[in-house]
Amino acid sequence: MSKKSGILVMILSVAAMAVAIVAIVLVCLPAGSGEVGDVQYVVYLGTNDKDTNQPVFSPEEAKLRAEEILIDRFGGYTIQEADGGWIDGETTYQEYTLVIYLSDTDLDQVHAAADDLVEAFHQSSVLIQTNRTVTEFYSGANG
């Protein structure tokens, strides 16, 4: 292969890589103005004691205690109340559960809050889901 051909092949290869990178970035980034790729963490917090399977707090107290921990750690959160249930052998268990949604944070901070929640609610563990989302703060058509 001549020197000219080698240079042409190198230029075309670099151009092809650049086009591939741009295509990957365009496919991976969310479309639309004001939208940002984000990670949302969802924490499922049971409220029954890990040893006695009895509620650690009343539902009202549980929500307030979780709110105290979350506001100190994150400055914001969303909580939904739920009923959780599972079967262990022959026994069916039910418990009041808090579903906590956290955004604009990272997994290390979520783990730190989970440590506080596990201790305060005397849990063996909490379930943490990590979901890729698109976040948009919408202020209306005129905003």
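The values are calculated or read from the model by the stated rules, or taken from the named source; none is laboratory data. Everything numeric here is computed off the predicted structure, so don't read it as measured data. Positions of Cβ are backbone-derived with ideal geometry, glycine not excepted, and every protein chain shown enters the neighbour counts.
Among residues of segment 85-110 that are assigned by TED's automatic domain parsing to the domain that holds residue 65, those with a beta-carbon under 7 Å from a residue that is among the acidic types (Asp, Glu) and surrounded by 13 or more Cβ atoms within 10 Å (Cβ to Cβ) at least six positions away or on a different chain give the pairs 103/38. Going through (1) exposed (fewer than 12 other Cβ atoms within 10 Å of the Cβ); (2) modelled with pLDDT under 95 one by one, residue 108 falls short only on (2).
In segment 121-136 there is at least one residue matching the filter, namely being acidic (Asp, Glu), modelled with pLDDT under 95, part of a strand (DSSP E or B) and at negative phi. Checking the stated criteria, residue 98 turns out not to satisfy the condition of being of a type outside the set (Asp, Glu), modelled with pLDDT of 95 or more, under 18 Å from residue 47 (Cβ atoms) and outside any strand (DSSP E or B).
Please verify whether segment 1-19 includes one or more residues that are basic (Lys, Arg), at pLDDT 95 or above and not in a loop (DSSP other than H, G, I, E, B). No, segment 1-19 contains no residue that is basic (Lys, Arg), at pLDDT 95 or above and not in a loop (DSSP other than H, G, I, E, B).
Residues in segment 116-125 that are surrounded by 13 or more Cβ atoms within 10 Å (Cβ to Cβ) and closer than 18 Å to residue 71 by Cα: 116, 117, 118, 120, 121. Can you tell me which residue in segment 51-70 is surrounded by the fewest Cβ atoms within 10 Å (Cβ to Cβ), limited to those that are of a type in the set (Asp, Glu) and within 15 Å of residue 119 (Cα to Cα)? Filtering segment 51-70 for residues that are of a type in the set (Asp, Glu) and within 15 Å of residue 119 (Cα to Cα), the one surrounded by the fewest Cβ atoms within 10 Å (Cβ to Cβ) comes out as 51. Per the listing 84, 89, the residue uniquely out of contact with any Asp or Glu (no Cβ under 9 Å at 6 or more places or on another chain) and either at pLDDT 65 or above or not polar (S, T, N, Q) (or both) is 89.
Taking only segment 67-84 into account, find how many residues are under 11 Å from residue 97 (Cα atoms) and not in a strand (DSSP E or B).
Looking only at segment 67-84, we keep the residues that are under 11 Å from residue 97 (Cα atoms), and these are 79-84.
Keeping just the survivors that are not in a strand (DSSP E or B) gives none.
Qualifying residue count for the region: 0.
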